[in-house]
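The values are calculated or read from the model by the stated rules, or taken from the named source; none is laboratory data. Only a predicted model underlies this, so the values are computations on that prediction, with no experimental measurement involved. Virtual Cβ from ideal backbone geometry, glycine too; neighbours counted across all protein chains shown.
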Amino acid sequence: MADRDALPAFPLRKPASARATLPAQAAALEFDSRVLRVVLPGLSRVAVAPLQVPAEADRADAAVLGAALAKALDQLKLKPGPVVMGLPRAQVVLKTLLLPVIADVRELASVVHLQVGRDLPFRTADAVIDFQILRQVTPPAPKPDANAKPSAEAPAAPPPKLEVLVAVAKRDAVEFYQRIATAAGVRLVALGLLPNASARCVEACHVVERGQPFALVSLRPDEVSIDVACGGAVPFSRGAAVKPAEPGAPENFVTAATIEVVRSLHSYGGQGAAGAPAKILVTGATGHEVAVATALASRVSGTVEPLNSDALKLPADARADAPGATAALGLALGYADADGLPFDFLNPKRPAVPRDLRRIKILAGLAGAVALFLLVAGIRTWLIGKRQAVLDALTAEAVTAEKHRPAYRKVISQATVVNEWVSGERNWLLHYAHLTAVLPRSEEIFLTSFAVSGPGALRLGVRAKSGAILAKMEKQLRAAGYEVKPLAITPGTDKNGYEFQSTVELVVPAKLKVDLTKLQPPERPADDASLDPPARKKGGG
């Protein structure tokens, strides 16, 4: 297989948001039925704590496991935010495919889903499918036909293919880990594959040459797992249950683990693999790793040795727990890589959404109709606003006019009087001045009102000191040329002595001509102050 850094020998176009939505750092959590292993970002700390699950509790219940994880984290005094976990090999189906070279990862994902969906034992809707590109291969050219004519064209070379490793997990398994994280009070941001995580840790330890196949044997108190990896991919992985070691007699555990490893390597060789692992590494925290490595060295070819993690440069207090936390270390390292985890069942590589042209046309038509409606509504709103502004201005003018209505009525009434005077073609002010010269002196009589009662008619309200004065006034008016209707004299009381009042109606003949220059008005009384300037108020400006 190809080297890890040179897996795709072709340009692979990935979506720009493939990693943008994930946090930059996350802690790695890996657990079994007994122990929780935690690796903080940057490998700054490796911590291990027992899982305290009640004996009568259901270990298949996500809430039970989540509560146990929360207690273990509290015991370690850790409150990780985003975390990454991994699925075990037993919950994942692996399949290798040869596919056409496709640069767009979403189009390649569509082909992967199409190919894998035919062979799944369950519905594609119930599966989470992710894949890893192993390498670009060129199939061997077909051998020339010995019976072909010499002039015949040589067969065309076959096009290159992509070797793709596909991993399929049930959606229920992915949701199970999500419920565990929720119950534990942490935020799950990625869900990888544990065999790949272990292989990533081995690569970071630099104990095998780049691109060289190797096998990793991970020991647990009641389980042994064997992963065969090459170039960042793990095409073979197997786990087997073994009887826990008895106190003082570890030989049975060592023998059982050795047998399972040898059996797994034979199974791997029987699958037509490219080559046997050049090195077998043993890791774990059981305390029997050296014994298992020694037993394997006598049963298999190749180098067998315990995994040395010094190249990781872990803190001194974390080195003792590192051999048992190989998968957790690999999850933390893989998540921090530029491309992220090779398999992420929480954020798998998704196929491109098929284009429905009919639906696109319908949506485009609806969008155009909505845009047109909004445009018409906007214009209507603008016109209504414009008319509303005019209405508001007119309403304000009407309110102002209503406030000034009494003044308007007074002006209209005065204008009516003036118009009547003008239409009557009579200079009533001239007659007013004429009357002031014709009437007796103000010591005897004075006007209380002066009004035009009709075309060519005047009405005077007068008060006099005696009836004789009123008779005298009548004679003087007739002598001046006015037609006087009979007077109605009404006696009354007045503090100034003007005890007789009357209303005089005059008709001005059309032939009456008034010449003010020939009139001699009576002299003003000595105490008349009507023409004196008004007295200045105190404090005035």
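Listing for the model above:
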read-out	value
Condition met for residue 316 (small (Gly, Ala, Ser), farther than 19 Å from residue 210 by Cβ, surrounded by 15 or more Cβ atoms within 10 Å (Cβ to Cβ) and not assigned by TED's automatic domain parsing to the domain that holds residue 240)	no
Near pairs, Cβ below 8 angstrom, 6+ apart or cross-chain, from the stretch 63-76 (not assigned by TED's automatic domain parsing to the domain that holds residue 176) to any residue that is in a helix (DSSP H, G or I) and among the polar types (S, T, N, Q)	none
Meets criteria (modelled with pLDDT under 85 and outside any helix (DSSP H, G or I)) for residue 153	yes
The stretch 273-283, residues that are within 23 Å of residue 45 (Cβ to Cβ) and either more than 53 Å from the chain's Cα centre (by Cα) or in a loop (DSSP other than H, G, I, E, B) (or both)	none
Which numbered condition residue 393 misses (of (1) assigned by TED's automatic domain parsing to the domain that holds residue 506; (2) part of a helix (DSSP H, G or I))	(1)
Meets criteria (modelled with pLDDT of 85 or more, crowded, with 21+ Cβ neighbours inside 10 Å and either assigned by TED's automatic domain parsing to the domain that holds residue 261 or over 33 Å from the mean Cα position of the chain (by Cα) (or both)) for residue 131	no
Where residue 393 falls short, out of the listed (1) modelled with pLDDT under 85; (2) of a type in the set (Gly, Ala, Ser); (3) loosely packed, with under 15 Cβ neighbours inside 10 Å	(1)
Subset of the stretch 78-121 (residues that are part of a strand (DSSP E or B) and under 27 Å from residue 188 (Cα atoms))	82, 83, 84, 85, 86, 87, 92, 93, 94, 95
Selected residue [over 18 Å from residue 509 (Cα atoms) and part of a loop (DSSP other than H, G, I, E, B)] from 402, 443	443
Flag if residue 57 is free of Cβ contacts under 8 Å to residues at least 60 places away in the same chain and either in contact with a helix residue (DSSP H, G or I) (Cβ under 7 Å, 6 or more places away or on another chain) or not in a strand (DSSP E or B) (or both)	yes
Single unsatisfied condition, residue 469 versus (1) in a helix (DSSP H, G or I); (2) modelled with pLDDT under 85; (3) closer than 22 Å to residue 443 by Cα	(2)
Residue ID - nearest to residue 44 (Cα to Cα), chosen from residues in the stretch 331-376 that are β-branched (Val, Ile, Thr) and in a helix (DSSP H, G or I)	360
Criterion violated by residue 331 - all others in (1) hydrophobic (A, V, I, L, M, F, W, C); (2) buried (at least 20 other Cβ atoms within 10 Å of the Cβ); (3) without any contact (Cβ under 8 Å) to a residue 12 or more places away in the chain satisfied	(3)
Residue satisfying all of: in the stretch 284-316; hydrophobic (A, V, I, L, M, F, W, C) and part of a loop (DSSP other than H, G, I, E, B); farthest from residue 199 (Cα to Cα) among these	300
Cβ-Cβ under 6 Å pairs, at least 6 apart or on other chains, the stretch 482-499 side in the same structural domain as residue 439 (by TED's automatic domain parsing), far side at pLDDT 80 or above and of a type in the set (Lys, Arg)	484/478; 497/465; 498/463; 498/465
One residue from 387, 380, 359 being free of Cβ contacts under 8 Å to residues at least 12 places away in the same chain, within 30 Å of residue 113 (Cβ to Cβ), charged (D, E, K, R) and not assigned by TED's automatic domain parsing to the domain that holds residue 89	359
Residue that is of a type in the set (Gly, Ala, Ser), crowded, with 21+ Cβ neighbours inside 10 Å and in a helix (DSSP H, G or I), where the choices are 28, 63, 47, 68	68
Residue that is modelled with the lowest pLDDT [pool: residues in the stretch 417-432 that are exposed (fewer than 15 other Cβ atoms within 10 Å of the Cβ) and in contact with a helix residue (DSSP H, G or I) (Cβ under 9 Å, 6 or more places away or on another chain)]	421
Single residue of the stretch 206-237 satisfying the filter (of a type in the set (Val, Ile, Thr) and crowded, with 22+ Cβ neighbours inside 10 Å) that is nearest to residue 136 (Cα to Cα)	234
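For every residue, the table says whether it meets (1) of a type outside the set (Ser, Thr, Tyr); (2) under 26 Å from residue 419 (Cα atoms); (3) at pLDDT below 85; (4) part of a helix (DSSP H, G or I).
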{"site": "447", "(1), (2), (3), (4)": "yes, yes, yes, no"}
{"site": "451", "(1), (2), (3), (4)": "yes, yes, yes, no"}
{"site": "458", "(1), (2), (3), (4)": "yes, yes, yes, no"}
{"site": "461", "(1), (2), (3), (4)": "yes, yes, no, no"}
{"site": "473", "(1), (2), (3), (4)": "yes, no, no, yes"}
{"site": "478", "(1), (2), (3), (4)": "yes, no, no, yes"}
{"site": "490", "(1), (2), (3), (4)": "no, no, yes, no"}
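Conditions tested, residue by residue: (1) in contact with an Asp or Glu (Cβ under 6 Å, 6 or more places away or on another chain); (2) farther than 30 Å from residue 282 by Cα; (3) at pLDDT 90 or above.
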position	(1), (2), (3)
159	no, yes, no
169	no, no, yes
173	no, no, yes
177	no, no, yes
187	no, yes, yes
193	no, no, yes
205	no, no, yes
210	yes, no, no
